[in-house]
Structures are given as C-alpha cells and as structure tokens.
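Step one of this worksheet: look at the structure below.
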Amino acid sequence: MEATSITILGGDLRQCYAAEYLQSKGYKVTCCQTPDFPYHSDIVKADYLENTAWQSDLILAPTPLTRDEINLFQTEVNCPPCPLHDLWEQLKAEHTFAVCNLPKKQQTPLENTGCQILTFGNFPFFQKENARLTAEGLLAEVIRCTPFALSSANILLLGYGCCGSCIAKLFLPLCRNIYLIEQDPLKENAARKDGASPIHKNDFSKVLPQCHILINTIPAPILGMARLSEMHSSCHIFDIASAPFGFPADTTEKCLLPYYRIPGIPGRFSPVTAGRIIGQTIERMTEHAL
C-alpha cells in the first residue's frame, strides 16, 4: 500500500510533529483540527467540514481516537468539537483510516464506511518505541509523586508486555525489587531473566505488604480492593493502562492509597519523539516511496 497525501486529525502535539516528519519525507500533508503550531509552509490547515481535508489518500486519527466515545480527541480549544458520526460520514471507500487503537464501539460504524482500516498500535516498531517513551515518562511521574526515594522502594508490576518489560528494565537498577504478576509463563520467564521476581497468589500475603509502588499496565481488574488493602500503608498506585483501566476512579477513596491514572504518557512527556515515531510508523506501514 502506498500513500502520497495524508490528512492529520485533531489530537495533541504528537500530531503536529508527525505532520512535520511526514512532510519532510515528501508527503502532501493537511492538518485538520490539530493544535495551533508553527507548521512548515507546505502543510495545509483545514476545517473538518472542508473538502480539502478529505482529498487525501490516508486519514491519520489522533491517539486516542476519542476520550468520550462521542467526539474526536482534540486539544485545540479554538476548534469546534468533531463528532465521530460526522467523521464517519466524510470517509469513503478510497480512504485509508489510520488509528492507533480502535474502540470496540466505533469498529462497526468505521467498517460501514467501506474504507481500509490501518491499526498501527500493534505494529512492532511502534509498540517498542512507544513503550520506551512510556517507561521514561512514568519514571518522571513516579519520582514527582512519591515522597520517598525510589532506591528504598519495592515495586509491584502488573503485566509484562511491551510497556511492562520496558518499565522493569528502566526501574530495576533504581529500586530495591520489582515483583511481577503475569499469567503468561513465557513472559514470566523473560521477566525472571531480566531480574524481576514473578509472584503468585500464595505469595501475596508476604509480598504485597512490602510494596511501596504499584504499577498497572493491564486494562482489566487484576487486583481487587481486598488485595489493595494488603499493600504497604504508603503505597502509591500508578495506572498507565488504557480504558477500562486496572482500578476504578474512586480507588483512593475506597482504599486510602494515592491512585494516579496516567494514560497517554508519550504525548505528555515526549511529544516531539512520540510524533516522529507515529510518522515513521505510518511511513513504514504504507511503504511510501518518493
């Protein structure tokens, strides 16, 4: 698949830097509902209702696509909301719609447009690079939010996928121990080789009270409120999973432990690099040739 023109929709600064990268590689780029930014003079700015926004081969959605299941995610306050149902009406069969991850609720409406769907969140290059940025940003948040030295802390990590493994490798030299909950035996073995300590239910009563930091990477409830009550009294919980997250929003009120829900770390901490990674991913997946 080859694309020569791209319309970039909404989002945060990652979209701006993705636009700059793709323009530098020879793509004809149109930005629509994106943040105010000193774009290259060859990048066209358009409103989502303008025809010029839909004359591109490929439409690049923001990450995440939406935060309320109704409107396109956008941070530019001077742009009117872009309802997703209006977006779907603009798409045609000749379009390719690139999205990091597609919410289940939007899958059928998007498929009904007849366009080709390019889901780049599972592309290995993107997963690896985005996980690295997530780990780096998380480290900054953990240091900022915790009142104790990381070197004195035990960490309980939930999940050892791309993000979990990058987090473990970055945090291991800095903390006392990383305990891991992971159901996949192969990932357990990989974690053990990396220096983490996988645990199981029979270890919980001994290990949980020793953990000062809990990091969740799994978008599902793994530990309930009863288990959280076993954690160290000063434990801080960091939930970086996507919706539906690992814990309810009222976790702090229920278990009296600080709970931070922080999805989208690359966009907050490293928008330049994160945007470039999105651009490189699109370039590789579309096999663009100048």
- Task: Output the number of residues of segment 246-290 satisfying the condition of being assigned to a helix (DSSP H, G or I) and not aliphatic (A, V, I, L, M).
- Result: 19
- Query: When both residues are 6+ apart or on different chains and their Cβ atoms are under 7 Å apart, which pairs have a first residue that lies in segment 116-136 and is closer than 16 Å to residue 160 by Cβ and open to solvent by 40 Å² or more (accessible area, probe 1.4 Å), and a second that is at pLDDT 95 or above and not small (Gly, Ala, Ser)?
  - Reply: 127/162; 128/162; 132/166
- List the number of the failed condition for residue 253; all other conditions in (1) open to solvent by less than 30 Å² (accessible area, probe 1.4 Å); (2) charged (D, E, K, R); (3) farther than 19 Å from residue 155 by Cβ hold. (1)
- Task: Would you mind finding the one in 36, 12 that is open to solvent by 50 Å² or more (accessible area, probe 1.4 Å) and touching a residue at least 40 places away in the same chain (Cβ under 8 Å)?
- Result: 36
- residue 136 passes all but one of the listed conditions (1) within 22 Å of residue 243 (Cα to Cα); (2) over 14 Å from the mean Cα position of the chain (by Cα); the exception is number (2)
- Among the residues of segment 54-97, count how many are open to solvent by 50 Å² or more (accessible area, probe 1.4 Å), in a loop (DSSP other than H, G, I, E, B), over 17 Å from residue 16 (Cβ atoms) and out of contact with any Cys (no Cβ under 7 Å at 6 or more places or on another chain). 9
- Query: From 152, 205, which residue is closer than 21 Å to residue 256 by Cα and among the polar types (S, T, N, Q)?
  - Reply: 205
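The values are calculated or read from the model by the stated rules, or taken from the named source; none is laboratory data. Just so it is clear, the structure is predicted and the values come from calculations on it, not from any experiment. So basically every Cβ, Gly included, is an ideal-geometry build from the backbone, and we count neighbours across all protein chains shown. Surface areas here come from the heavy atoms of the whole protein model, side chains and all, with no ligands, DNA or RNA. Shrake-Rupley method; radii C 1.70, N 1.55, O 1.52, S 1.80 Å.
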